[in-house]
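Readers should treat all values here as calculations from the given coordinates under stated rules, not as data from a laboratory. Because the structure is predicted, anything quoted here is derived from the model rather than measured. Heads up, the Cβs are rebuilt from the backbone with ideal geometry, glycines too, and the neighbour counts pull from every protein chain shown.
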Amino acid sequence: MAAWRYEVLREKRGLSASERERREQVRLRAGDMFAGNIAPPQVAWLLGVTRKAAYEWHARWRNGGKAALASKGAAGTGCKLTDDQLARLKTLPEQRALAHGWDDQRWTAARIATLIAETFHVRCTARGVACRMRRIGWSFQVPAHHAIRRDEE
């Protein structure tokens with residue numbers, strides 16, 4: 001099994017704010033074109049997007065106007081834990097797995113999910129825990145295995 005170890009990560013996930021803004025500008029330009037009676041296939045060709053996207057934007061524009069094409073912000077449901085709980089979560093794995101009732105020192109995503117459920121009464125999937133632990137600076141590690149009868153010399 002793999003364990004968690006503290007290590008600072010510089011990993012980019014999802015769209016940046018500037019990329020969301022750029023995509024929103026393309027959608028809003030499409031809304032202006034729809035208002036000018038330009039058909040979705042022509043809008044797709046002019047903006048360099050797929051026809052499917054242009055038709056979806058057209059349907060949204062028809063139902064809600066140009067405001068329906070605005071960005072809804074970053075994707076995802078957000079974290080169920082408060083800032084204080086996240087700060088406390090950072091310190092819990094440092095206490096070692098033995099202190100929390102497991103028979104070895106390995107922290108797995110499933111074990112941390114159990115710890116979160118017992119400590120904060122919030123249910124999380126192992127995958128969600130893995131993402132959350134990466135965000136707060138922990139990385140997934142594979143422990144090194146050594147032979148029991150290994151001769152160091």
(message) For the range 80-130 and the range 34-53, what is the centre-to-centre distance using only Cα atoms, to the nearest Å?
(response) 48
(message) If packing is taken as the average count of other Cβ atoms within 10 Å, what order do 27-37, 119-129, 62-72 fall into, highest mean first?
(response) 27-37, 119-129, 62-72
(message) Explain nothing, just compute: Karplus ³J(HN,Hα) = 6.51 cos²θ - 1.76 cosθ + 1.60, θ = phi - 60°, for every residue of the range 57-72 in order, whole Hz, x for Gly and Pro.
(response) 5, 5, 5, 5, 5, 4, 7, x, x, 5, 5, 5, 8, 5, 5, 9
(request) Grab the other residues whose beta carbon is less than 14 angstrom from that of Thr50, score K and R as +1, D and E as -1, and report the net. (result) +3
(request) May I ask you to list the chymotrypsin sites (Phe, Trp or Tyr not before Pro) in the range 56-111 that are in a DSSP loop and have at most 16 other Cβ atoms within 10 Å of their Cβ? (result) Trp102
(request) In whole Hz, with x marking every Gly and Pro, tabulate ³J(HN,Hα) for the range 117-131 from phi via Karplus 6.51 cos²θ - 1.76 cosθ + 1.60, θ = phi - 60°. (result) 5, 6, 7, 10, 6, 10, 8, 9, 7, 4, 5, x, 5, 4, 5
(request) Between Leu46 and Gln105, with labels modelled 7 Å along Cα→Cβ, what's the label distance in nm to one decimal, could you check? (result) 6.5
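Assuming R0 = 22 Å, what is the FRET efficiency of Cys131 and Leu98, from their Cβ-Cβ distance, to the nearest 0.05?
Rounded to the nearest 0.05, the efficiency is 0.30.
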(message) Can you tally the net charge around Ala35? Count Lys and Arg as +1, Asp and Glu as -1, for every other residue whose Cβ sits under 14 Å from the Cβ of Ala35.
(response) +4
(request) Could you work out how far apart the two model spin labels at Ala117 and Arg22 are, taking each label as a point 7 Å from the Cα in the direction of the beta carbon, and quote it in nm? (result) 4.2
